[in-house]
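J.: Next up is a structure, given as C-alpha cells.
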Amino acid sequence: MDGLTLLVPSSVVREAEDKREATRKLGYVARAAAVFRADRLLVFPDREGERRWGEEFVSVVLQYAATPPYLKDEVWGKRDELLFAGILPPLRVSSQTVTDPDGSVTHQGIVTKVGSEGRVRVTCGLQHPISLMVPPDMATPAEGERVTVRISSREPVRARLVDEPTPGFDVECMGLSAALSDESGLRIAASEYGEKITHARLGDLLPDLRAGMTVAFGSPGRGLPEILGLEPEAVSAAVAAQGHVDSDPGFDRWLNTIPRQGSETVRTEEAMFASLGCLTLTE
C-alpha cells in the first residue's frame with residue numbers, strides 16, 4: 001500500500017470522564033496509527049461535539065505520543081495537556097533507531113531552527129542539538145519537521161541529514177474537506193450507515209486500496225453523518241443506490257467495516273483497529 005492517512009475528529013475524547021482517561025484513549029488512537037503503519041494522523045475540527053478537551057489537547061497528546069522517547073523531554077518539556085502522558089502506551093515504531101551495516105545509526109530528529117547557508121539545527125537524541133548541512137538534493141525542512149539523521153560517531157560527533165522517510169507518523173490539524181482534497185488514493189468514511197463490507201466487496205476494493213487510502217472516523221455517540229450535518233438515513237439511501245452522498249466533503253466510499261456491530265456505539269479507537277484490520281489485508 002502506497003500510503004495511509006487517518007482522520008479523527010477533535011471530539012474524539014468527548015466521553016472521557018477526566019484528563020487521565022482522555023489521555024489513555026488517545027494512546028490507543030496513536031497505537032492504531034503505529035500498528036497499521038499510518039503516514040499521517042490528522043485531527044479535523046468538530047467544535048459542536050467537543051466537551052472539556054478539544055483540538056489543542058488532542059493534537060498535543062497525539063504529537064507527544066508520536067515523538068521518539070529520546071526526544072520527548074527536550075521537545076515538549078512540561079505542558080498541562082501532558083499531565084498524564086506517563087500512561088501513554090509506547091508505540092515501539094519499527095526502525096525508530098536503526099543500526100546500518102556500516103555501524104552508523106539512523107535516528108529520527110526534529111528541526112528546531114532553520115539557519116542560513118543551507119544549515120538547520122536538529123535535536124536527535126545526542127547530548128546537544130547539532131547543526132547540519134541540508135544535502136543539495138533535499139528540500140530545506142521547516143522548523144518542527146521530522147528528519148532522518150545518520151550518526152557515524154558520537155564522540156566526536158559525526159552526523160549528516162539523509163533524504164529518507166522518517167519512521168512513524170506525522171500529526172496535524174486540518175479541516176476535513178482540505179484533508180480529503182490533500183490526499184490521493186481511496187478516501188473512505190467509516191460509518192455504520194455505509195456499505196457493509198463483505199469478502200467479495202473487499203476483494204473488489206483491493207486494487208484501489210493498494211494505491212493508498214485515507215480513512216475518516218467519527219467520535220463516540222457522534223458519527224460522521226452527525227459531524228457533517230447529514231441525515232443518517234440519507235447516507236444509507238445514497239449508499240444503497242450507489243450514488244453520491246449530498247454535502248459529502250469528498251469521500252469515495254462510505255463503508256460499514258463492522259457489519260455485525262453488537263454494541264450500541266463503537267469507540268473511535270475500536271473502530272480504527274476493526275476497520276484497518278480488514279482494509280489493510282493483503283492478497
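The values are calculated or read from the model by the stated rules, or taken from the named source; none is laboratory data. Everything numeric here is computed off the predicted structure, so don't read it as measured data. We place every Cβ from the backbone using ideal geometry, glycine too, and count neighbours over all the protein chains shown. These accessible areas exclude ligands, DNA and RNA; they are computed on the full protein's heavy atoms, side chains included. Shrake-Rupley method; radii C 1.70, N 1.55, O 1.52, S 1.80 Å.
J.: If one computes P(r) from the Cα atoms of region 131-283, what percent of pairs lie at distances over 27 Å? Each step should come with its number before you reach the end.
T.: Values: 4420 of 11628 pairs.
Counting pairs separated by more than 27 Å, the tail of P(r) holds 38 percent.
J.: Sticking with this one: Test of understanding: express the Cα radius of gyration of region 1-133 as a ratio to 2.2 N^0.38 Å, with N the residue count. Walk me through the numbers before you get to the answer.
T.: On the way: Rg = 16.7 Å, N = 133, 2.2 N^0.38 = 14.1 Å.
Cα Rg divided by the expected 2.2 N^0.38 Å: 1.18.
J.: Past the 21 angstrom mark, what percentage of all C-alpha to C-alpha distances in region 1-78 do you count? Don't jump to the answer; show the numbers that get you there.
T.: Working: 850 of 3003 pairs.
Here the tail beyond 21 Å accounts for 28 percent of pairs.
J.: Leaving out ligands and nucleic acids, and using a 1.4 Å probe, what accessible area per residue does the chain come to in Å²?
T.: Working: 14440 Å² over 283 residues.
I get 51 Å² per residue for this part.
J.: By per-residue mean of other Cβ atoms within 10 Å, what is the highest-first order of 169-176, 8-15, 211-218, 126-133?
T.: Values: 169-176: 18.0, 8-15: 24.8, 211-218: 23.2, 126-133: 13.9.
Final packing ranking: 8-15, 211-218, 169-176, 126-133.
J.: Checking a compactness column here: for region 164-232, what do you get for Rg(Cα) / (2.2 N^0.38 Å), N being the number of residues? Don't skip to the end; give the middle numbers.
T.: Numbers: Rg = 14.2 Å, N = 69, 2.2 N^0.38 = 11.0 Å.
Dividing the Cα Rg of region 164-232 by 2.2 N^0.38 Å gives 1.30.
J.: Moving on to the next point. What lysines does Lys78 reach when the alpha-carbon gap must be under 23 Å and sequence neighbours fewer than 8 apart in one chain are set aside?
T.: Lys19, Lys25, Lys113
J.: For the chain, find the longest principal axis of its Cα atoms and tell me its angle to the long axis of helix 268-279, 0 to 90°, nearest 10.
T.: Once rounded, one gets 90 degrees.
J.: Now a separate question. Once all Cα-Cα distances of region 124-187 are split into 10 Å bins that start at 0, what whole-number percent is in each one?
T.: P(r) over region 124-187, rounded to whole percents: 15, 39, 27, 14, 4.
J.: Related question: For region 203-282, what is the Kirkwood hydrodynamic radius in Å, using each pair of distinct C-alpha atoms?
T.: Hydrodynamic radius (Kirkwood, Cα pairs) of region 203-282 is 13.8 Å.
J.: Carbon-plus-sulfur fraction of the accessible area of the chain, 1.4 Å probe, in percent? Each step should come with its number before you reach the end.
T.: On the way: 6640 of 14440 Å².
Roughly 46 percent, rounded to a whole number.
J.: Right, next: Can you give me the distance in nm between label points at Val35 and Lys113, each placed 7 Å from the Cα along the Cα-to-Cβ direction?
T.: 4.2 nm
J.: For q = 0.11, 0.16 Å⁻¹, what log10 I(q)/I(0) does the chain give under the Debye formula with an equal point scatterer on each alpha carbon and no solvent?
T.: -0.69, -1.24
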